[in-house]
Structure formats: structure tokens, C-alpha cells
Amino acid sequence: MSKTVSSIASAGAASRKDANMGRMLVEQGKLTLEQVESVRHLQKEEGLRFGEAAQRLGLVTEADIQQVLARQFDYPYLQAGGGNYPTTLMAAYQPFSAEVEMLRSVRSELMLRWFRPGRKTLAIASVNPGDGTSLLAANLAVVFSQLGEQTLLVDANLRNPSQHKIFNLAASNGLADVLAGRAGLDMLAMAESFIDLTLLPAGSLVPNPQELINRGSFVAMNATLCDRFDIILYDTPAFSSAADALTIASRAGGVLLVVRKDHTRVADLTAFSDQLRRSGTEVVGSVMVSF
């Protein structure tokens with residue numbers, strides 16, 4: 001009896017999946033309704049899956065099918081040229097590459113070692129400008145959102161912000177304005193194409209970033225954000241250019257260090273790690289990048 005029920009359920013699920021795939025491809029303009037009927041005819045004759053039949057007829061590409069499957073399984077990513085993001089946002093465009101697989105491994109380690117009940121915030125920091133902190137933070141935010149976690153990426157680099165450029169956001173109000181009491185959290189921006197990813201840009205360029213970050217309003221804001229999000233990542237300025245990273249990491253409680261291959265000096269990284277620990281921040285781990 002159980003085998004019969006399982007077989008019927010599987011057949012029904014497959015039928016619904018094929019119907020959804022056809023509908024999605026029509027919505028995307030990849031197929032017409034007439035072409036869908038042709039695909040279904042071949043599918044029935046040859047016993048093929050819908051995507052296989054559509055490809056055999058030369059109507060869609062493998063990339064088209066992968067994109068639809070990603071939507072069906074709530075794993076959003078973009079095809080090349082879509083979304084108008086830089087290609088360095090690899091998690092958005094190359095979800096099956098070795099580099100993004102590494103990002104997923106980092107995500108898994110962080111979920112196991114850091115993001116537990118009561119821990120939602122993590123600073124991403126590096127020693128030198130150009131070490132890749134902002135790009136790693138952006139890509140990590142995407143892969144966390146792909147996991148279905150309500151993810152917030154905060155651009156806390158008030159000196160040289162870049163997340164608004166990566167995600168094509170208007171350079172208007174943001175973190176600096178919230179900390180200065182000039183704006184509320186209503187300017188949080190959903191990342192287009194990623195339903196579980198939200199961004200808080202750096203906002204106005206200010207003359208006193210260190211003083212703003214040290215205000216009690218940062219603590220209050222962080223508490224409010226923790227009530228709304230599962231994962232909060234803070235992009236920070238380089239330690240060698242400002243002490244902001246120490247303060248932000250201390251507020252977050254933990255820090256992930258970014259090490260750029262053939263660029264970051266071990267002695268500098270050790271000195272930075274020692275200062276973080278003395279400030280009561282847990283160094284959760286480090287990631288070596290080459291971009």
C-alpha cells in the first residue's frame with residue numbers, strides 16, 4: 001500500500017512541477033503557449049522531463065532550465081547580464097562555481113560555530129584597504145539569504161562605503177543618518193532579486209564616523225535589527241585606516257577576518273587579532289580571498 005501511495009504522490013508532484021516549469025518559462029518570455037504544447041507532446045511521446053523535452057526541441061537552454069529550477073526550490077540567482085550587479089557578486093551569478101561552493105562552506109561553518117540562538121550579528125573585517133572585505137560581505141549576505149535566512153547587510157564603512165554601488169542603491173540616507181538621529185530604519189532596502197536580503201547602506205558622508213559608531217544609538221539600533229532579522233553582517237573599514245572596525249566588531253560580538261592572498265602580512269593580521277580579543281571580540285575565523 002505504501003508503495004502505491006508513494007508512486008501516486010510522486011507522479012502528481014512531477015506533473016505539477018512540469019506545469020509550473022512551463023508556466024514560469026512562458027512568464028519569462030522563453031516559451032509561447034503553442035511551444036509549451038509542443039514540448040508536452042514530445043514529453044509524452046518520449047517519456048522525458050519537461051525541461052529535457054524543451055531543450056531537445058531547441059526552445060530553451062540549460063541555463064534557462066536551471067534558473068526555473070532555482071525559483072521552484074527557492075534558491076534565487078541571476079543569469080549573466082541580469083540584475084545589473086557587478087560580476088564579482090559571484091553568489092548572484094555563479095551559484096555552482098567552486099568559489100561560491102567555498103562561500104557556502106564558510107556559511108555552514110558560521111552557522112555551526114557562531115550563529116546560534118542569541119547570536120545574530122557578525123562583523124567582516126580586514127587589515128588593509130583593498131583586502132576584499134566588502135565583496136566578501138556582499139557575497140556572504142547573498143548565500144545566507146539563499147538559505148532562507150532573513151539577512152541584513154549593513155554598510156558600516158562610513159569612510160569609503162561601497163555596498164550601495166554593489167547593489168545599485170541610491171546613495172541617500174543610511175546608517176550614518178540613523179546614528180545621528182536624522183532618519184529611522186524605514187530606509188532599509190530590499191535587494192532586488194533576493195527576497196530574503198535587505199541592506200542598510202552607509203548613508204551620508206560624515207566628518208565624525210568614529211564618534212557616531214561609539215554612540216549608544218548604535219547599540220539601540222542593533223537591538224532593534226536583531227528583533228527583525230536572523231543574520232546581520234557588518235561591513236567595516238580596514239583596520240589600518242581607522243579604528244572603526246574594532247568598535248563595530250565589539251558591538252557585534254564576533255568578527256570574521258578577511259585575508260587577501262599575497263597581500264595581507266601575517267604580523268599585521270596577528271596584531272589586529274590581538275587587539276580584537278583585548279576588546280572582548282571573538283575572532284570566529286578567517287577567510288583567504290584572491291579577488
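The values are calculated or read from the model by the stated rules, or taken from the named source; none is laboratory data. Note that the structure is predicted; figures quoted are calculated from it, not measured. Positions of Cβ are generated from backbone atoms using ideal geometry, with glycine treated the same way; all protein chains shown enter the neighbour counts.
If you go through the stretch 217-234 and keep only what is β-branched (Val, Ile, Thr) and buried (at least 18 other Cβ atoms within 10 Å of the Cβ), you end up with Ile231, Ile232.
For the stretch 79-133, taking the residues that are touching a residue at least 60 places away in the same chain (Cβ under 8 Å) and among the polar types (S, T, N, Q), the one that is farthest from Ser162 (Cα to Cα) is identified as Thr121.
Yes/no matrix, rows are residues, columns are (1) outside any helix (DSSP H, G or I); (2) modelled with pLDDT under 75; (3) touching a Cys at 6+ places or on another chain (Cβ under 9 Å):
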| site | (1), (2), (3) |
| --- | --- |
| Thr4 | no, yes, no |
| Ala9 | no, yes, no |
| Gly12 | no, yes, no |
| Lys17 | no, yes, no |
| Met24 | no, no, no |
| Leu31 | yes, no, no |
| Glu34 | no, no, no |
| Leu42 | no, no, no |
| Leu59 | yes, no, no |
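Consider the stretch 146-164 and keep the residues that are assigned to a helix (DSSP H, G or I) and touching a residue at least 60 places away in the same chain (Cβ under 8 Å). The one that is farthest from Ile124 (Cα to Cα) is Gln146.
Identify, from the list Ser193, Ser279, the residue that is in contact with a Pro (Cβ under 8 Å, 6 or more places away or on another chain) and over 16 Å from Leu179 (Cβ atoms).
Ser193
Within the stretch 160-203, the set of residues being touching a helix residue (DSSP H, G or I) at 6+ places or on another chain (Cβ under 6 Å) and surrounded by fewer than 16 Cβ atoms within 10 Å (Cβ to Cβ) comprises Ala171 only.
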